[in-house]
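Here's the structure, in structure tokens; my notes come after.
The values are calculated or read from the model by the stated rules, or taken from the named source; none is laboratory data. These figures come from a predicted structure and were not determined experimentally. Virtual Cβ from ideal backbone geometry, glycine too; neighbours counted across all protein chains shown. Side chains included, ligands, DNA and RNA excluded: accessible areas come from the protein's heavy atoms. Shrake-Rupley method; radii C 1.70, N 1.55, O 1.52, S 1.80 Å.
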Amino acid sequence: MTTAQRAITAMVEQIDGPVASYFSSCVHCGMCADACLFYTETQDPRFTPIYKLLPMRKVWQQEFTFWGRLMKSIGLAKSVTDEEMAEWEELVYDTCTLCGKCSLACPVGNDITYMIRKFREAMVASGHAPQGLKEAMKRAIEIGSPMGITLTTLQAQIKHAEEELGYKVPIDEEGAEYMMVLSSAEIAQFQEIIPAVARIFKAANVSWTLCSTAFEGTNTGIQIGSSDLAAELIERIVAGAEQLKVKTVISPECGHAYIALRWEGPNLIGRPYKFKVQHILEILEELRKQGKLKTKGKDETRLTYHDPCQIARRGGIVEQPRNLINQFAANFVEMKEHGEYNWCCGGGGGVAANERAEERRLDVFSKKKQQLDEIKVERIVTACSNCRNMLEDGLDHYNMSDIEVVGLTETLVQFLDDTNQAND
Ligand code: SF4
Ligand code: SF4
């Protein structure tokens with residue numbers, strides 16, 4: 001079978017009822033273009049979201065519609081070629097963060113993001129995926145983490161945290177209420193997260209644990225478009241959670257980890273979980289409402305919140321971070337488009353892991369720059385380590401590094417009132 005035939009076969013497999021109905025209901029209005037920062041910031045018509053699916057549309061027409069089949073049978077339809085797939089690789093990986101804004105904008109309700117995710121499956125099946133993502137996928141399979149983080153690295157971070165805290169960070173505690181998974185970036189770069197979570201849970205007097213066989217939440221399978229890999233990574237977390245018999249698994253400050261674990265996981269592995277999955281911000285908000293997350297003092301810094309696309313628009317967590325921020329911030333201002341309508345940072349969906357896309361992702365950060373120029377803040381709070389890295393890169397690129405970028409959990413803990421906390 002040629003590479004092009006493999007791609008066509010994979011696309012036929014991926015075209016399900018929703019994809020077919022989306023293609024047939026598209027009215028070619030172009031409204032999705034104005035929702036995509038890769039289009040708005042470049043005006044390149046190739047970056048119109050629905051155009052990024054053209055080869056898949058061709059396969060749908062030729063294999064699933066009467067007129068398309070007829071044209072194909074009399075030799076009047078051109079098949080998708082390997083060259084076309086290679087050309088579209090750039091469109092579906094370098095200029096799409098799977099942010100979901102186009103799906104929100106489409107007047108006939110086409111979930112274009114879902115279609116692009118499906119198209120990526122065909123890309124992977126025919127060998128067309130960016131090198132950076134392929135390497136991350138290899139590390140995720142062989143080492144268990146896309147950044148190559150091992151248990152030894154985690155244990156070193158736990159040791160640091162314990163020295164700072166003066167008490168043990170729980171790991172492999174059977175029967176704990178919560179099991180926390182982390183993202184690679186949180187273990188490697190944003191190490192404040194482990195002591196922050198430990199302090200919050202100790203103050204709230206709830207039991208929690210890390211798991212030595214399931215600490216990595218980042219899901220490269222979702223980003224590259226491989227359901228098999230995505231399912232394998234989910235299975236590791238499920239096995240760890242079931243072995244420890246925890247009630248709830250906490251998804252970290254990482255957008256794709258949350259989407260993978262909370263929304264796609266049970267379908268990927270073909271069975272329901274025996275535990276709940278919640279995002280860390282949902283847990284913090286529940287503790288706040290129960291009076292178990294008390295703060296003292298106010299942050300006078302003028303700050304805003306950047307909604308990670310997978311957590312807000314695709315994940316529904318919009319109100320919780322605002323309630324949490326308002327608990328400690330005296331000068332919280334919103335960007336004009338925020339919550340479900342926020343503009344993507346430009347680094348999600350594997351774009352930040354794709355070196356080839358670096359120039360473009362920095363270029364289209366101009367959208368976030370415009371948003372920030374309107375409100376003049378000193379700090380951006382966010383809840384995704386990938387967004388955090390992209391925001392820092394973008395601010396640096398546009399000489400705006402005086403704006404600080406921080407994670408919500410670690411910022412909140414600076415105001416935590418744990419003076420009356422439960423003792424060990
Ligand atoms: S999901 Fe986001 S980045 Fe991808 S095409 Fe749609 S609007 Fe553009
Ligand atoms: S917004 Fe929807 S209907 Fe309009 S061109 Fe895009 S996919 Fe088609």
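Some notes on this structure:
- Condition met for Met71 (more than 13 Å from ligand 1 (Cβ to nearest atom), over 30 Å from Cys384 (Cβ atoms) and surrounded by 14 or more Cβ atoms within 10 Å (Cβ to Cβ)): yes
- Being closer than 21 Å to Gly127 by Cβ, open to solvent by 70 Å² or more (accessible area, probe 1.4 Å) and not in a helix (DSSP H, G or I) holds for only one residue in Met1, Met31, and it is Met1.
- The condition (being in contact with a helix residue (DSSP H, G or I) (Cβ under 9 Å, 6 or more places away or on another chain) and of a type outside the set (Phe, Trp, Tyr)) is satisfied by just one residue among Lys376, Lys367: Lys367.
- Residue check, Ser79 of a type in the set (Gly, Ala, Ser), farther than 30 Å from Gln370 by Cβ and open to solvent by 70 Å² or more (accessible area, probe 1.4 Å): no
- Verdict on Phe38 being under 16 Å from Glu90 (Cβ atoms), touching a Phe, Trp or Tyr at 6+ places or on another chain (Cβ under 7 Å) and at pLDDT 95 or above: yes
- Selection count, the range 10-28, where residues are within 7 Å of ligand 2 (Cβ to nearest atom), β-branched (Val, Ile, Thr) and surrounded by 13 or more Cβ atoms within 10 Å (Cβ to Cβ): 0
- Of all the numbered requirements in (1) more than 29 Å from the chain's Cα centre (by Cα); (2) open to solvent by 70 Å² or more (accessible area, probe 1.4 Å); (3) modelled with pLDDT of 95 or more, Gln62 misses one, and that requirement is (2).
- Checking each residue of the range 267-276 against the condition of being within 14 Å of Leu408 (Cα to Cα) and either over 14 Å from the mean Cα position of the chain (by Cα) or surrounded by 23 or more Cβ atoms within 10 Å (Cβ to Cβ) (or both) gives no match.
- Check on Met115, modelled with pLDDT under 90, surrounded by 14 or more Cβ atoms within 10 Å (Cβ to Cβ) and not in a loop (DSSP other than H, G, I, E, B): no
- Scanning the range 74-112 for residues that are assigned to a loop (DSSP other than H, G, I, E, B) and within 9 Å of ligand 1 (Cβ to nearest atom) gives Thr95, Cys96, Thr97, Leu98, Cys99, Gly100.
- Number of the condition not met by Ala136 [criteria: (1) more than 19 Å from the chain's Cα centre (by Cα); (2) more than 16 Å from ligand 2 (Cβ to nearest atom)]: (1)
- Hits in the range 298-323 (condition: under 22 Å from Glu404 (Cβ atoms) and open to solvent by 50 Å² or more (accessible area, probe 1.4 Å)): Lys298, Glu300, Arg302
- Contacts under 6 angstrom Cβ, first residue in the range 200-218 being touching a residue at least 24 places away in the same chain (Cβ under 8 Å), partner acidic (Asp, Glu), 6 or more apart: Ala203/Asp418; Val206/Glu177; Ser207/Glu177; Thr209/Glu173; Ser212/Asp172
- Scanning the range 139-151 for residues that are open to solvent by 10 Å² or more (accessible area, probe 1.4 Å), in a helix (DSSP H, G or I) and among the hydrophobic types (A, V, I, L, M, F, W, C) yields Ile141, Leu151.
- Residues that are open to solvent by 20 Å² or more (accessible area, probe 1.4 Å) and either assigned to a loop (DSSP other than H, G, I, E, B) or of a type in the set (D, E, K, R) (or both), drawn from the range 129-138: Lys134, Glu135, Lys138
- Close pairs (6 angstrom Cβ cut-off, 6 or more residues apart or separate chains): farther than 24 Å from Ala7 by Cα and within 16 Å of ligand 2 (Cβ to nearest atom) in the range 38-64, outside any helix (DSSP H, G or I) and open to solvent by 20 Å² or more (accessible area, probe 1.4 Å) anywhere: Tyr39/Thr48
- Failed item, numbered, when Gln371 is tested on (1) within 23 Å of Tyr258 (Cα to Cα); (2) free of Cβ contacts under 8 Å to residues at least 40 places away in the same chain; (3) part of a helix (DSSP H, G or I); (4) within 16 Å of ligand 1 (Cβ to nearest atom): (1)
- Looking across Ala77, Ala122, one residue alone is in contact with a His (Cβ under 9 Å, 6 or more places away or on another chain) and small (Gly, Ala, Ser). It is Ala122.
- Residues satisfying the stated conditions in the range 102-112, i.e. over 16 Å from Ala20 (Cβ atoms) and buried (at least 24 other Cβ atoms within 10 Å of the Cβ): Cys102
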